[in-house]
Amino acid sequence: MEKVSRLALWVNLLVISGTWGSSFVFVKLITGTMYPFAFAASRGFVAMAALLAWVASRRRALPAYGSHPLPHLWKTIGHMDILGTTNGLPTNVPTATAVSHVDNAVVACCRRRFR
């Protein structure tokens, strides 16, 4: 495993914190024009596209299980689909619903209090 500098770790921490913190503002803006289920689905599709682009950029060959790797690949994709759905919808839909019904100040106050 390669060593990572402290500066790189702090930069990554700041980027992740800024992204996480600003997500509530974007959720508030988007849920004004989009239903919570549609928002959760679109958020999942964006995440899926980003992950697929990352996997494609790595340019690794598919693992060969026997002579046909595709059945194993489709089984893996099915498992990822179930995992993404069960982890995404139960959390994103209530968050989008709650944020769309309260003021931004309430979201910022509660988020800061419960850290």
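Looking at the stretch 27-115, the helices (runs of 4 or more DSSP H) lying wholly inside it that each contain 1 or more residues that are modelled with pLDDT of 80 or more and under 28 Å from residue 17 (Cβ atoms) sit at 36-58, 70-101.
Filter the stretch 29-40 down to the residues that are more than 18 Å from residue 90 (Cα to Cα) and touching a helix residue (DSSP H, G or I) at 6+ places or on another chain (Cβ under 9 Å) and list them by number. Hits for the stretch 29-40 are 30, 32.
The values are calculated or read from the model by the stated rules, or taken from the named source; none is laboratory data. Keep in mind that this is a model prediction, so the values were computed, not measured. In this analysis, Cβ positions are derived from the backbone assuming ideal geometry, glycine residues included, and neighbour counts consider all displayed protein chains.
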